[in-house]
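**Student:** Could you have a look at this structure, given as C-alpha coordinates, before my questions?
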Amino acid sequence: MNTVQRALLIVDVQNAFKDEKWGERNNKQAEENIRKLLWHWREKEGTVIHVQHTSDHPDSLFHPSHEGYSIQSIVAPIEGETIITKKVNSSFIGTNLEELLREKGITGIVITGLTTPHCVATTTRMSGNLGFETFLISDATAAFGLQDQNGIYYDAETIHNVSLATLHEEFATILTTEQMLGWKR
(Lines give C-alpha, C1' and ligand atoms only; values in the text may rest on other atoms or scores of the structure.)
Protein backbone atom coordinates (compact mmCIF):
# COMPACT_ATOMS: atom_id res chain seq x y z
CA MET A 1 0.00 0.00 0.00
CA ASN A 2 1.33 3.44 -0.94
CA THR A 3 1.72 5.63 2.13
CA VAL A 4 0.93 9.32 1.84
CA GLN A 5 3.98 11.41 2.67
CA ARG A 6 3.06 14.70 4.34
CA ALA A 7 5.18 17.75 4.97
CA LEU A 8 4.57 20.30 7.70
CA LEU A 9 4.66 23.81 6.23
CA ILE A 10 5.14 26.70 8.67
CA VAL A 11 4.36 29.96 6.86
CA ASP A 12 5.70 33.34 8.02
CA VAL A 13 5.78 32.79 11.79
CA GLN A 14 8.05 35.80 12.12
CA ASN A 15 8.65 38.44 14.76
CA ALA A 16 7.11 41.08 12.47
CA PHE A 17 3.66 39.80 13.44
CA LYS A 18 4.32 40.66 17.08
CA ASP A 19 4.31 44.37 16.16
CA GLU A 20 1.33 46.35 17.46
CA LYS A 21 0.82 47.98 14.04
CA TRP A 22 -1.29 44.97 13.00
CA GLY A 23 -3.93 45.64 15.65
CA GLU A 24 -6.33 43.10 17.14
CA ARG A 25 -5.45 39.43 16.63
CA ASN A 26 -7.35 36.22 17.29
CA ASN A 27 -6.03 32.80 18.23
CA LYS A 28 -3.17 33.83 20.50
CA GLN A 29 -2.28 30.13 20.97
CA ALA A 30 -1.48 29.63 17.26
CA GLU A 31 2.29 29.58 17.74
CA GLU A 32 1.99 27.11 20.62
CA ASN A 33 -0.13 24.82 18.44
CA ILE A 34 2.40 25.11 15.63
CA ARG A 35 5.11 24.18 18.13
CA LYS A 36 3.15 21.04 19.12
CA LEU A 37 2.84 20.01 15.48
CA LEU A 38 6.50 20.81 14.85
CA TRP A 39 7.67 18.64 17.73
CA HIS A 40 5.41 15.82 16.54
CA TRP A 41 6.88 16.06 13.03
CA ARG A 42 10.41 16.09 14.42
CA GLU A 43 9.72 13.02 16.58
CA LYS A 44 8.44 11.19 13.50
CA GLU A 45 11.38 12.49 11.41
CA GLY A 46 8.95 14.05 8.99
CA THR A 47 9.64 16.78 6.47
CA VAL A 48 9.42 20.28 7.95
CA ILE A 49 9.59 23.37 5.76
CA HIS A 50 9.75 26.89 7.15
CA VAL A 51 8.65 29.73 4.89
CA GLN A 52 10.01 33.19 5.62
CA HIS A 53 8.60 36.34 4.04
CA THR A 54 11.16 38.89 2.92
CA SER A 55 10.86 42.42 1.62
CA ASP A 56 13.25 44.55 -0.41
CA HIS A 57 11.85 47.71 1.22
CA PRO A 58 14.15 48.89 4.04
CA ASP A 59 11.18 50.26 6.03
CA SER A 60 9.31 46.93 6.02
CA LEU A 61 9.19 44.84 9.17
CA PHE A 62 10.04 41.92 6.87
CA HIS A 63 13.28 43.44 5.58
CA PRO A 64 16.24 41.19 6.54
CA SER A 65 17.87 44.07 8.44
CA HIS A 66 14.97 44.16 10.96
CA GLU A 67 14.26 41.84 13.89
CA GLY A 68 10.79 41.30 12.43
CA TYR A 69 12.34 39.23 9.64
CA SER A 70 13.46 36.52 12.10
CA ILE A 71 11.40 33.39 12.61
CA GLN A 72 9.88 33.34 16.09
CA SER A 73 12.00 31.31 18.52
CA ILE A 74 9.05 29.08 19.53
CA VAL A 75 9.15 27.45 16.07
CA ALA A 76 12.74 28.21 15.04
CA PRO A 77 14.23 25.85 12.46
CA ILE A 78 16.82 23.30 13.49
CA GLU A 79 19.63 21.85 11.42
CA GLY A 80 18.32 19.85 8.48
CA GLU A 81 15.01 21.71 8.19
CA THR A 82 14.42 23.62 4.99
CA ILE A 83 13.89 27.40 4.99
CA ILE A 84 12.35 28.95 1.91
CA THR A 85 12.14 32.70 1.45
CA LYS A 86 9.39 34.34 -0.56
CA LYS A 87 8.44 37.85 -1.60
CA VAL A 88 4.74 37.36 -2.34
CA ASN A 89 1.77 35.80 -0.54
CA SER A 90 2.13 32.34 -2.08
CA SER A 91 4.84 30.07 -0.77
CA PHE A 92 4.96 28.50 -4.25
CA ILE A 93 5.54 31.57 -6.44
CA GLY A 94 9.19 32.48 -6.98
CA THR A 95 10.41 29.58 -4.81
CA ASN A 96 11.41 25.96 -5.31
CA LEU A 97 8.75 24.66 -2.90
CA GLU A 98 6.78 22.60 -5.42
CA GLU A 99 9.95 21.10 -6.89
CA LEU A 100 11.28 20.26 -3.42
CA LEU A 101 8.03 18.55 -2.39
CA ARG A 102 7.83 16.52 -5.60
CA GLU A 103 11.50 15.46 -5.35
CA LYS A 104 10.86 14.17 -1.80
CA GLY A 105 7.72 12.31 -2.88
CA ILE A 106 5.50 14.50 -0.69
CA THR A 107 1.86 14.23 -1.70
CA GLY A 108 0.25 15.94 1.32
CA ILE A 109 0.88 19.28 2.97
CA VAL A 110 -0.15 20.33 6.47
CA ILE A 111 -0.25 24.13 6.51
CA THR A 112 0.19 26.38 9.55
CA GLY A 113 1.35 29.96 10.01
CA LEU A 114 0.48 33.61 9.72
CA THR A 115 -1.82 35.13 8.63
CA THR A 116 -4.98 33.21 7.78
CA PRO A 117 -6.42 35.48 5.04
CA HIS A 118 -3.11 36.32 3.41
CA CYS A 119 -0.09 34.06 2.94
CA VAL A 120 -1.70 31.04 4.61
CA ALA A 121 -4.85 31.18 2.44
CA THR A 122 -2.93 31.91 -0.76
CA THR A 123 -0.52 29.02 -0.11
CA THR A 124 -3.43 26.72 0.76
CA ARG A 125 -5.26 27.55 -2.48
CA MET A 126 -2.17 26.92 -4.57
CA SER A 127 -1.39 23.69 -2.74
CA GLY A 128 -4.86 22.39 -3.51
CA ASN A 129 -4.70 23.58 -7.10
CA LEU A 130 -1.35 21.86 -7.59
CA GLY A 131 -2.92 18.57 -6.54
CA PHE A 132 -1.45 18.14 -3.07
CA GLU A 133 -3.65 16.61 -0.38
CA THR A 134 -3.90 19.79 1.67
CA PHE A 135 -4.70 20.23 5.35
CA LEU A 136 -5.03 23.61 7.02
CA ILE A 137 -4.82 23.61 10.80
CA SER A 138 -7.44 26.08 12.02
CA ASP A 139 -5.96 26.75 15.46
CA ALA A 140 -2.38 26.90 14.16
CA THR A 141 -3.00 30.07 12.19
CA ALA A 142 -4.35 33.50 13.13
CA ALA A 143 -5.74 36.69 11.65
CA PHE A 144 -5.85 40.38 12.41
CA GLY A 145 -8.89 42.61 12.16
CA LEU A 146 -9.32 44.36 8.80
CA GLN A 147 -11.19 47.29 7.34
CA ASP A 148 -12.81 46.90 3.94
CA GLN A 149 -13.03 49.35 1.03
CA ASN A 150 -16.18 50.90 2.56
CA GLY A 151 -14.59 51.57 5.93
CA ILE A 152 -16.35 48.66 7.65
CA TYR A 153 -14.22 46.95 10.26
CA TYR A 154 -14.26 43.15 10.62
CA ASP A 155 -12.83 41.71 13.80
CA ALA A 156 -9.99 39.18 13.71
CA GLU A 157 -12.16 36.19 14.61
CA THR A 158 -14.59 36.95 11.77
CA ILE A 159 -11.73 37.37 9.27
CA HIS A 160 -10.20 34.09 10.45
CA ASN A 161 -13.45 32.11 10.29
CA VAL A 162 -14.53 33.45 6.91
CA SER A 163 -11.06 32.72 5.51
CA LEU A 164 -11.28 29.13 6.73
CA ALA A 165 -14.80 28.80 5.31
CA THR A 166 -13.63 29.87 1.84
CA LEU A 167 -10.97 27.14 1.88
CA HIS A 168 -12.92 24.31 3.52
CA GLU A 169 -13.57 21.29 1.27
CA GLU A 170 -12.64 23.15 -1.90
CA PHE A 171 -8.92 23.68 -1.36
CA ALA A 172 -8.20 21.88 1.92
CA THR A 173 -9.43 19.78 4.77
CA ILE A 174 -9.68 22.01 7.83
CA LEU A 175 -8.60 20.33 11.08
CA THR A 176 -7.57 21.41 14.57
CA THR A 177 -4.15 20.65 16.01
CA GLU A 178 -5.57 17.85 18.15
CA GLN A 179 -7.42 16.34 15.19
CA MET A 180 -4.23 16.38 13.11
CA LEU A 181 -2.14 14.85 15.88
CA GLY A 182 -4.71 12.13 16.45
CA TRP A 183 -5.50 11.41 12.84
CA LYS A 184 -4.50 7.92 11.69
CA ARG A 185 -5.26 8.28 7.96
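The values are calculated or read from the model by the stated rules, or taken from the named source; none is laboratory data. As the structure is a computational prediction, the values presented were derived from the model and not from experiment. As a convention, Cβ positions derive from the backbone with ideal geometry for all residues, glycine included, and neighbour counts pool all protein chains shown. Heads up: the accessible areas ignore ligands, DNA and RNA and are worked out on the full protein's heavy atoms, side chains in. Shrake-Rupley method; radii C 1.70, N 1.55, O 1.52, S 1.80 Å.
**Student:** Once ligands and nucleic acids are excluded and a 1.4 Å probe is used, how much of Lys104 is accessible, expressed in Å² to the nearest 10?
**Tutor:** Lys104 exposes around 100 Å² with every protein chain in place.
**Student:** Put +1 on the Cβ of each Lys and Arg and -1 on the Cβ of each Asp and Glu in the chain; which of Gly145, Leu97, Pro58 then has its Cα farthest toward the positive end of the dipole?
**Tutor:** Highest projection toward the positive end goes to Leu97.
**Student:** Still on this structure: Mind counting lysine pairs for me in the chain? Cα separation below 19 Å, and the two need to be 8 or more apart along the chain or on different chains. Can you show the working numbers first?
**Tutor:** Working: Lys18/Lys28; Lys28/Lys36; Lys36/Lys44; Lys36/Lys184; Lys44/Lys104; Lys44/Lys184.
Taking the chain as the scope, the lysine pair count is 6.
**Student:** To the nearest 0.05, what FRET efficiency results for Asp148 and Lys44 with a Förster distance of 30 Å applied to their C-beta separation?
**Tutor:** On the way: r = 42 Å, r/R0 = 1.39.
Here the calculated transfer efficiency is 0.10.
**Student:** Given contacts defined as C-alpha pairs under 8 Å and at least six residues apart, what's the relative contact order of the chain, whole-number percent? Don't skip to the end; give the middle numbers.
**Tutor:** Numbers: 357 pairs, mean separation 49.8, N = 185.
About 27 percent, as a whole number.
**Student:** In whole percent, and with a 1.4 Å probe on the protein chains, what portion of the accessible area of the stretch 80-185 is carbon and sulfur?
**Tutor:** Working: 2510 of 5030 Å².
After summing per-atom areas, the C and S share lands at 50 percent.
**Student:** Also, quick follow-up: With springs connecting C-alpha atoms under 10 Å apart, model the chain as a Gaussian network and identify which of Pro58, Pro77, Pro117 has the largest mean-square fluctuation.
**Tutor:** Of Pro58, Pro77, Pro117, the Gaussian network model singles out Pro58 as fluctuating most.
**Student:** Related question: Rank by packing, highest mean first: peptides 6-14, 158-166, with packing defined as the count of other Cβ atoms within 10 Å averaged across residues. Working shown, then result.
**Tutor:** Working: 6-14: 25.3, 158-166: 17.2.
Packing proxy ranking, top to bottom: 6-14, 158-166.
**Student:** A further question on this structure: Highest mean first, how do 18-26, 130-138 rank when packing is the count of other Cβ atoms within 10 Å averaged over residues? Could you put the intermediate results ahead of the total?
**Tutor:** On the way: 18-26: 13.7, 130-138: 20.8.
Order by mean packing, descending: 130-138, 18-26.
**Student:** Compute the accessible area per residue over the chain, keeping the other protein chains in place, probe 1.4 Å, unit Å².
**Tutor:** Values: 9480 Å² over 185 residues.
In whole numbers, the chain has 51 Å² accessible per residue.
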